[in-house]
Amino acid sequence: MSRKNIIEVRNVTMRFGGVTAVSELSMDIPEGSIVGLIGPNGAGKTTAFNVITGFYRPTEGDVVFAGRRITGMAPHRICALGMARTFQNIRLFYNETALENVMIGRHVRRSGHWWGAVLGLPGTRREERDIREKSLELLRRVGLSAHADEVASALPYGAQRRLEIARALATEPKFLLLDEPAAGMNPQESLELMKFIRQIRDEFHLTILLIEHDMKVVMGVCEHIWVLEYGKLIAEGDAESIRSNPRVIEAYLGEDVNNVAD
């Protein structure tokens, strides 16, 4: 039995002036899957992410999330519907603790009003305690509980990557987009990342779309892969078909795509 699609990207084109960053991109992503979007630098991958998450409104085409058209919807509203993302360059609140970073993510799910905190209302205090407890539990589940009270800037690089993912998970997403999560990692850290991605998919019942240059990560964890070049889709399929696709090999300057990483 086929799985229902959580995301449908329908003929999306994104132009900036006379430059077409993404051209007629279509993607159907089934619930519960881990899939990848790859391509050389400048291929349009992050632009596609920005369209899906509402940071850009596409010039043409539509994005449908969980059966609802979200084209042109503001990012915070899309987040509230159950979509979260990380960024290629880590965007943490570096002067805040790991716990505080995750608590910030949880606030998208709070039901109280801002003035409740000003007035010190009992309901608001209870909700803040609940946010703190759930954030501590989330840090435990991603292996960062020992760093709860450390400022984000003091954490090792790999822990910062996990913290950014934990903050995204704090929004209670159904669909998680990871923008180059293995960037800057050594081979052992990349191997651990693959296990971590599978772990959070299973534990949090997620669908995951990742952009990644580390082909060992992509081939090792993704069930389906789309390949962009100059904004156009040149191939899609499982890891084996992408690994042997002549267009994909050519896009990566003739190298074995298993060994491409930058």
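A few remarks follow.
- When only the Cβ of Lys, Arg, Asp and Glu is charged (+1, +1, -1, -1), the dipole of the chain relative to its Cα centre reaches about 1040 debye.
- Net lengthening on full extension, GLN88/HIS205 (0.36 nm per residue, minus Cα-Cα): 39.8 nm
- Taking GLY39, GLY231, GLY18 as the candidate residues, the one with maximal mean-square fluctuation in a Gaussian network model of the chain, Cα springs under 10 Å, is GLY18.
- Listed by Cβ neighbour count within 10 Å, with the fewest neighbours leading, TYR230, TYR56 appear as TYR230, TYR56.
- Estimated [θ] at 222 nm from DSSP helical runs (n ≥ 4, -39500 (n - 2.57)) normalised by residues in the chain, nearest 500: -11000 deg cm²/dmol
- Cα-based helix-to-principal-axis angle, 157-169 vs the chain, degrees rounded to 10: 80 degrees
- Using a cutoff of 8 angstrom between alpha carbon atoms and counting only pairs six or more residues apart, the relative contact order for the chain works out to 25 percent.
- Neighbour-count order for SER23, SER135, SER153, fewest beta carbons within 10 angstrom listed first: SER153, SER23, SER135
- Placing unit charges on the Cβ atoms of the charged side chains and taking the dipole of the range 123-262 about its Cα centre, the candidate lying farthest along the positive direction among ALA168, ALA148, TYR230 is ALA148.
- Between 0 and 90°, nearest 10: helix 187-204 axis offset from the chain longest Cα axis: 70 degrees
- Peptide ranges 202-209, 62-69 listed from the most packed, as the mean C-beta count within 10 angstrom indicates: 202-209, 62-69
- Amide H within-cut-off set for ILE6, under 5 Å, with H built and near neighbours excluded: ILE29, GLU31
- Principal-axis tilt of helix 122-141 within the chain, Cα atoms, nearest 10 degrees: 50 degrees
- Highest GNM mean-square fluctuation among ALA48, ALA239, ALA154, for the chain modelled with Cα contacts below 10 Å: ALA154.
- For PHE87, distant residues with modelled amide H under 5 Å away: ASP179
- Correct option for Cα extents along the principal axes in Å [calculated from the coordinates] among (1) 49, 45, 36; (2) 63, 61, 39; (3) 62, 42, 40: (3)
Coordinate-derived values only; no laboratory data. If you're wondering where the values come from, they're calculated on a predicted model, not measured in any experiment. FYI the Cβ positions are ideal-geometry reconstructions off the backbone, even for glycines, and counts take in every protein chain you see.
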